[in-house]
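J.: Have a look at this one.
The values are calculated or read from the model by the stated rules, or taken from the named source; none is laboratory data. What you are looking at is a predicted structure, and each value in this text was computed from that prediction instead of being measured. Glycine also receives a Cβ, built like all others from the backbone with ideal geometry; neighbour counts cover every protein chain displayed. When the accessible area is computed, the model is the full protein with side chains, heavy atoms only, and any ligands, DNA or RNA have been set aside. Shrake-Rupley method; radii C 1.70, N 1.55, O 1.52, S 1.80 Å.
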Amino acid sequence: MKVPNYTTRMILAYLLLALLAGILGVGGIYRIRGSLQQMQEKSLDNKRQVKLALDLHEAVEQRRKAETFYLNIRSQNYARAWDRADKQFSQVLDTLRRTQENKSSYPVLASIGRANSKVRQNWFVVRANSSVKATDNHAPQDISRLESLIDGYTEANSLATGVVERNALRETNLTLFGNLLFAGLVLGLAAVMAIYLSKTLRKPLADLLTATQRIAQGQLGHHIDLDRTDEIGALAAAFNEMSSELHRKDIQIMGQIGQLLKTKSLLESYSYDLEKKNKEMESFIYSVSHDLKAPLIAIQGFLTMFADEFSSTLSTKAGFYLGRVKANSEHMQTLIRQLLELSRAGQTVKQFTSVSTRQIVQQVIDDLHLQIEAKNAEILVLGDWPTVAGEPIRIRQALTNLVDNALHYSNPGVPIKIEIFVKEVDGAWRWHVKDNGIGIDPSFQAKVFEMFERLTDSHEKNANGTGIGLAIVKKIAESHGGEAGVESKLGKGSTFYFEISSKLNVSGKANVEVQV
Amino acid sequence: MSQAVDVLLVEDNDDHIFLTKKALERFSDAANLTVHVVKDGVQAIDFINKKTPHEGAPTPDLILLDIKLPNKNGFEVLAGIKGDERHRRIPVVMLTSSDADVDIEQSYGLGSNSYITKPIKTDELFKKLRDIPHYWIEINTLPPKSE
């Protein structure tokens, strides 16, 4: 059979206690009620006995009276009355005898019974004597003896009643004592149960609490030592399982964290490698450009000398060829210069300084003044000129490229008009260069910032572009946490812009991630 | 301007050496100029310090210094000259193909007296040489420096 589990045991124990208490209460009540009933019965019985005694006494009196009348008057009427009284007396006596017959078990009542039979015996003697109706001398004697017997009888009877009452009282006391004893027993049982509860419930609960606290403190895997098959045991087992699971999970998580850290350091090393490669690439471009420069400079030098010394002796054709060599070598020089600029533009900005936008704009206009004058262009400088954080050389470079572009891609026959202004847009300073030039077809607008992308236009000879200028602008914007873009309508002009983040810190390192 | 002027050209490219010499020949006082050439940075320092094989070398009155050089680059040579109490008064003109702002800033930061980008435009070269008053004052008005 399955062992009753803990809860069942506890419920059974409580039911038992309740049953015992119920029995105690009901039994006590019944016993006390019985005692009281007995007492009442005895009391009633006693009253009946006393009445019988009184009846007897009355009967004796009647009979004696009738006898006296008869003896004195000797009338038949009195004789009959005497007989009647005699019968009455006999009846009473019989009744008395009957009532006593089933009371013989009581020792005190037994003595009463004995007294009664003695009364009867004597009375029979008296009656025998009196029936002769000639023994006048004996009659009063007998009667007085009878009366004293009756008195004794009455006394014994009342004595018996007292005994009965005492007995009833004793029984009640006994019942009360028994009940008290019983109550003590129930209390004792309750105490045992309390101890049992404490041992079987409080201690494991306290253990559980301690274990839970240990787990909370990080001792994952801590176990409770509790060998029980009931719910408490099941709870402890579940707790142990949970603790083990936590421990397992903890190890797993630690492993995963380790894995993550490994991945992180791997990524960092990749990132480092990438940065290194990037730097290598840039230093490669820088170095190659420089190396390309040296022979080009020699070519240009000799070209100059050739032109200086022999131009007068050259045919027109030879002069034209020489001019093309010179123009192409200059174009190549521009290409190389811009490649170098591009490589510098992509480098991470080491430190941002305070940049006066007005000063930058003025420098750019000064740098380009020859071209501006040659093209007879109108430059309008508009709006406010805040001081921002950035790298002045690169910002100047970007603005120069945009203004240079605006000067190149002009509408033939239309006076060039260029507007320069700086506006704050969505957390960035946006530098605008607006022209009234040829504009850009919408399908090309996204491509113009890509490297070596150039507008194919009929004025390419004048434009002299390399396809790097806008790529440089884009890189400079990105190195300042911003973007570069264009809004344009074909034939109506373009507005180019580049942004530098307004979240950059003067005097500190860049606090935005800058794409390179 | 009858005094002899010794110019030290530090340059590794033969064509550039030739072209630079040609440019200097056009200078008004070319007859008085002696151009000494060394082809790397270490030689340049040795020349100034008259170390083997430059024992009899004169102290140059002007140094034309390229940046991209073998063994020791132009910045190192410049720093060596301008950090040396005996030589720091010798005018140094950077003569380089780089027009990068960083290179220009670094040159002036290290104490160069002028900066010229190649290809050499003779007008620019002569203007800048004249813009070094210190140089002309010294070689024209002061007696030759003692060793």
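J.: To the nearest whole number, what is the average tally of beta carbon atoms from other chains within 10 Å of the beta carbons of peptide B:14-21?
T.: Partner Cβ neighbours, averaged per residue: 3.
J.: Looking at the square roots a ≥ b ≥ c of the eigenvalues of the Cα gyration tensor of chain B, which shape do they give, rounded for a/c under 1.5, prolate if a/b is larger than b/c, or oblate?
T.: rounded
J.: What are the trypsin sites (Lys or Arg not before Pro) within the stretch A:338-400 that DSSP puts in a loop, where the Cβ has at most 14 other Cβ atoms within 10 Å?
T.: Numbers: sites: A:Arg344, A:Lys350, A:Arg358, A:Lys375, A:Arg394, A:Arg396; in loops: A:Lys350.
When the trypsin sites (Lys or Arg not before Pro) of the stretch A:338-400 are filtered for loop state and at most 14 Cβ neighbours within 10 Å, A:Lys350 remain.
J.: So for the pair B:Lys82, A:Ala190, with labels modelled 7 Å out along Cα→Cβ, what separation do we get in nm?
T.: 10.4 nm
J.: Sticking with this one: Per-residue ellipticity at 222 nm for chain B, helices alone: DSSP H runs ≥ 4 residues times -39500 (n - 2.57), over residue total, nearest 500 deg cm²/dmol?
T.: -11000 deg cm²/dmol
J.: How many angstrom separate the Cα center of the stretch A:402-452 from the Cα center of the stretch B:17-68?
T.: When both Cα centres are located, 48 Å separates them.
J.: Ranked highest first by the average count of other Cβ atoms within 10 Å around their residues, in what order do A:435-443, A:175-183, A:484-492, A:400-408 fall?
T.: Output ranking for A:435-443, A:175-183, A:484-492, A:400-408: A:400-408, A:435-443, A:484-492, A:175-183.
J.: Can you pull the Rg over Rh of the stretch B:2-67, Cα-only, Kirkwood?
T.: When Rh is taken as the Kirkwood radius, the ratio is 0.96.
J.: With a ≥ b ≥ c taken as the square roots of the eigenvalues of the C-alpha gyration tensor of the stretch B:38-91, please select rounded if a/c is under 1.5 and otherwise prolate if a/b is larger than b/c or oblate if it is not?
T.: Oblate, since a/c reaches 1.5 and b/c is not below a/b.
J.: What FRET efficiency do you get for A:Leu261 and A:Lys350 if R0 is 41 Å and r is their Cβ-Cβ distance, rounded to the nearest 0.05?
T.: Working: r = 30 Å, r/R0 = 0.73.
Rounded to the nearest 0.05, the efficiency is 0.85.
J.: Would you mind calculating the gained length between A:Lys317 and A:Gln219 on full extension (0.36 nm times residue separation, minus the Cα-Cα distance), in nm to one decimal? Display every interim value, and only then the final one.
T.: Values: separation 98, 0.36 × 98 = 35.28 nm, distance 9.49 nm.
Gain on extension, A:Lys317 to A:Gln219, equals 25.8 nm.
J.: For the residue pair A:Glu58 and A:Leu176, what label-to-label distance in nm results when each label sits 7 Å from Cα along the Cα-to-beta-carbon direction?
T.: Between A:Glu58 and A:Leu176, the label points sit 4.0 nm apart.
J.: Which whole-angstrom value gives the distance between the alpha carbon centres of the stretch A:19-45 and the stretch B:69-91?
T.: 131 Å
J.: To continue, here is another question. What lysines does A:Lys492 reach when the alpha-carbon gap must be under 25 Å and sequence neighbours fewer than 8 apart in one chain are set aside?
T.: A:Lys375, A:Lys417, A:Lys423, A:Lys434, A:Lys447, A:Lys461, A:Lys474
J.: Got a sec? Which residues of the stretch A:297-344 lose 50 Å² or more of accessible surface with every protein chain in place, vs. that chain alone, 1.4 Å probe?
T.: A:Ile297, A:Phe302, A:Met305, A:Arg344
J.: Enter the accessible area of A:Ile195 (Å², nearest 10), with the probe set to 1.4 Å and all protein chains included.
T.: 100 Å²
J.: What is the extension gain from A:Ile251 to A:Glu268, computed as 0.36 nm multiplied by their sequence separation minus the C-alpha to C-alpha distance, in nm to one decimal?
T.: Gain in length upon complete extension: 3.6 nm.
J.: Additional query: So, taking all protein chains as they sit and a 1.4 Å probe, how much accessible area belongs to A:Met332, in Å² rounded to tens?
T.: 80 Å²
J.: Going by accessible area, probe 1.4 Å, with all protein chains left in place, what is the ranking of A:Arg170, A:Arg33, largest first? Mind showing how you got there, number by number?
T.: Numbers: A:Arg170 150, A:Arg33 130 Å².
Largest accessible area first, the residues go A:Arg170, A:Arg33.
J.: Averaging over every viewing direction, what projected area does the convex hull of the Cα atoms of the stretch A:346-501 cover, in nm²?
T.: That works out to 8.6 nm².
J.: Ok, one more. Partner chain Cβ atoms within 10 Å, averaged over the residues of B:112-121 - can you pull that number for me?
T.: 3
J.: For the B and A pair, go ahead and give the buried accessible area with a 1.4 Å probe, both sides summed, in Å² to 100.
T.: Roughly 1500 Å² of accessible surface disappears when B and A pair.
J.: Hey, another quick one. Could you compute the FRET efficiency for A:Leu209 and A:Tyr14, with r as their C-beta to C-beta distance and R0 at 25 Å, rounded to 0.05?
T.: E(calc), rounded to 0.05, equals 0.50.
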